[in-house]
1. Computed over the Cα atoms of the chain, what is the convex hull's projected area averaged over all directions, in nm²?
2. What is the diffusion coefficient of the stretch 216-324 in µm²/s, taking the Kirkwood radius over Cα pairs and the Stokes-Einstein relation at 25 °C with a viscosity of 0.890 mPa s?
3. What does the charge dipole of the stretch 194-272 about its Cα centre add up to, to the nearest 20 debye, if the Cβ of each Lys and Arg holds +1 and the Cβ of each Asp and Glu holds -1?
4. With the alpha-carbon atoms as the only input, what is the per residue convex hull volume for the stretch 110-227 in Å³?
5. Pulled fully out, how much extra length does the chain show between residue 186 and residue 345, if you take 0.36 nm times their separation in residues and subtract their Cα-Cα distance?
6. Need the list of aspartates and glutamates near residue 103 for cross-linking: C-alpha distance under 14 angstrom, and skip anything on the same chain fewer than eight residues off.
7. If you bin the C-alpha pair distances of the stretch 202-241 every 5 Å from 0, what whole percents do you get?
8. Students often check this: by mean Cβ neighbours within 10 Å, which of 201-213, 168-180 ranks highest, and how do the rest follow?
Amino acid sequence: MKKALLSALIFFACMLSACGGEHSVSGRIVEADTDPGVGLVSFVVRTDRDKEVGILLTDETHIFTFVDGLAADTFREGAQTDVAVTVTYDPSRRSLITEDGEKLTAYNATHIEVESCRLPDTTRLSDGTELEVWQSSRHLTYFLPDGTELLRVNTPVGPSADYMVGQESLDSLPDQARNKILAWYDDRGLLYDEQAELEKTYAYYLAAGNTPFEAPMLAQEVTPSAASDRVFYLLTSVSFPAGSSLMYEQRTGAAFDKATGDFIPAADLFTCPWEDVLFQLLDLAQITDPDLRQEMSQAFTPECLIFFPEYVMLCFPQGSLPSQEYTFLVTVNYADGASALLQDWAVPAAPAEGPA
């Protein structure tokens, strides 16, 4: 009897805790009400399940936004309500009358996070289809007229100083060298054409027919990959859309003088003639198929070489080798002979050991 009573008390306590807690809802604002002397007083959120929830603002409602160009005060004033939000609210039920006269269940908001906002300009595809553009703190999202998310374009990242290479990072280089490397990447710019990728993704969407379409991602990131006493190596990774929720990655490498920031051509890193570099690496990797080697020789560029602390990688992006459906990677460890092909000053340092 005591055990049953204890179980009932625990259950009742859990129910009270759940009832007294806060709930949340996410979606776009589809209707907003403002007061000239107060600003935004209420709005209606439509979730991705097409459910509408009323939200009421109070003096205690906290508003956060990380969207560039949209301040929390601007949102509270009601100047920009074409946004997507996540709202944490008190579960006590209230009501709200919509513009159509419908009585909607509503809740007092405790916290509102503005996650994205619609930009005033649209983008038009080659067939005339107009896309809405929404901006968040980390990406742009393109939507078709029916609300389908077509493509998400991440904000380009790097060259980043946050990624450590052993005990070194971009910030560990002299100011002159670091600034020169940053300028080199600024001049090179993006390795993709955003409009072309939108057109390609739209073709994937049309080909999907009635199958649900999940937006793929377009992204570019530059991070350090390795370092020697003299050379700082960086890796650029670009994710391209390849269908509904599908991407493929293209990797390229670059080398810079740590003291000056000067770009170092890949050929200067090797002791053997440049025309022999690929085939010597393929020999070490034991890739002997003559047709594949021929395809690689035609597709090989200096940017295919990417240096890591323990090995050098050859990256042949999807579509560059006729016999390969996907991106093709070849790795050769320095300990297996790759270091003998490199200048002593170009061999990356071994990865730093972590704490014992």
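1. 29.2 nm²
2. 161 µm²/s
3. In total the dipole reaches around 120 debye.
4. Taking only Cα atoms, the stretch 110-227 has a hull volume of 192 Å³ per residue.
5. Gain on stretching residue 186 to residue 345: 54.5 nm.
6. 31, 52
7. The calculated distribution, bin by bin, is 6, 18, 17, 12, 10, 9, 8, 7, 6, 4, 2, 0.
8. Ranked from most to least packed, the peptides come out as 168-180, 201-213.
The values are calculated or read from the model by the stated rules, or taken from the named source; none is laboratory data. The model shown is predicted, which means the values in this text are computed figures rather than measured ones. Glycine gets a Cβ as well: all are built from the backbone with ideal geometry, and neighbour counts include every protein chain shown. Each accessible area value is taken on the protein alone, full model and side chains, heavy atoms only, with ligands, DNA and RNA left out. Shrake-Rupley method; radii C 1.70, N 1.55, O 1.52, S 1.80 Å.
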